[in-house]
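No lab work stands behind these numbers, since they all come straight from the coordinates. A quick note: this is a predicted structure, and the numbers were derived from the prediction, not measured. Neighbour counts run over all protein chains shown; Cβ positions are idealised from the backbone, glycine included.
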Amino acid sequence: MQLANYAAFPLQVILFFPFLKLGETVSRVSLDPISKVQLISAFDEGFFYAIEKLSYYLIVACLGWSLATIPIFFILFFLLRVLLKKYEPFLVRLNVSQ
């Protein structure tokens, strides 16, 4: 489990900035620019220190993430629905559908 967390950390840092930009655009909040180095160094100081220093950035990025998940959910839902209907006979033969 920890290995998965360490593997996903670069992805979290990379996706933080687009979600932050989306949140800033939607909420019309203008925050001071923050770099990847500043973000990582804040978390290197400690979790609670980072939460204290980056709380506004995290809230706005969470807003962006929340808004981005809505279309992603519907795209994945309908895509998986089509795929499962297509492969339903195969899954029934494997007795997976129960």
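What the table shows:
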{"read-out": "Cleavage-rule hits (trypsin sites (Lys or Arg not before Pro)) in segment 1-53: DSSP loop, at most 10 neighbouring Cβ within 10 angstrom", "value": "Arg28"}
{"read-out": "Expected 222 nm ellipticity per residue - DSSP helices of 4 or more, -39500 (n - 2.57), all of the chain, to 500", "value": "-29000 deg cm²/dmol"}
{"read-out": "Karplus 3J(HN,Hα) series, Hz, for segment 65-79 with 6.51 cos²θ - 1.76 cosθ + 1.60 (x for Gly, Pro)", "value": "5, 4, 6, 6, 6, 4, x, 4, 4, 5, 4, 5, 4, 6, 5"}
{"read-out": "Reachable aspartates and glutamates, given that their alpha-carbon falls under 16 Å from the alpha-carbon of Lys21 and they are not under 8 places away in the same chain", "value": "Asp32"}
{"read-out": "Cα-based shape type of segment 2-70, given that a ≥ b ≥ c are square roots of the gyration tensor eigenvalues and the cut on a/c is 1.5", "value": "oblate"}
